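Peer 1: A single structure is presented below for examination.
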Amino acid sequence: MPKENDARNGSVSTTTLVLAVLKSGPLHGYGIAREIERRSRSFLRPGESALYPALRALEQDGYITGGWQIMQDGPPRKVYQLTWSGEQEITRRTGAWSEYKAAVNLVMQCPAPENTL
């Protein structure tokens, strides 16, 4: 997967949200989705069709690793955690997004130029 430039295209991809959530610690897929939902106050609700391909891509890129957790009262579940490369990548993406937000805020807050015609 090519490196994403979320900030330049004005969006935050599911992969970036997953990395941000996993920065707090390991979680399984369902837990990641619920944490994104919780942190966004239910504004963002990633579905399986976006979440699991993002997890596979992040694993392939070496940004996360997944391992199976055996459950006593249910089926095993795959738990994901950031790698060192993943920590570096979320730091990079967070910085790029902050720069983008600051630039948009400048445009939004700047008064309209006076009509000189």
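Peer 1: Return an integer: the convex hull volume of the alpha-carbon atoms of segment 70-117, in Å³ per residue.
Peer 2: Residue-normalised Cα hull volume stands at 140 Å³.
Peer 1: In debye, nearest 20, what is the charge dipole magnitude of segment 10-109 about its Cα centre with +1 on Lys and Arg Cβ and -1 on Asp and Glu Cβ, if you could check?
Peer 2: On the way: 12 positive and 9 negative charges, 53 e Å.
With Lys and Arg at +1 and Asp and Glu at -1, about 260 debye.
Peer 1: Here is a further query. Rounded to the nearest 500, what is the chain's calculated 222 nm mean residue ellipticity when only DSSP H runs of at least 4 contribute -39500 (n - 2.57) each, over all residues?
Peer 2: The helix-only estimate for the chain comes to -17000 deg cm²/dmol at 222 nm.
Peer 1: Using a 10 Å cut-off on Cβ atoms, rank the peptides 104-111, 90-97, 30-37, 74-81 from the highest mean neighbour count down. Intermediate values should be presented prior to the final figure.
Peer 2: Values: 104-111: 8.1, 90-97: 15.5, 30-37: 17.4, 74-81: 13.2.
Output ranking for 104-111, 90-97, 30-37, 74-81: 30-37, 90-97, 74-81, 104-111.
Since every read-out is calculated from the coordinates, none of them should be taken as a lab result. Keep in mind that what you see is a predicted model, and the values were worked out from it rather than measured. Using ideal geometry, Cβ is built from the backbone for each residue, glycine included, and neighbour counts are taken over all protein chains shown.
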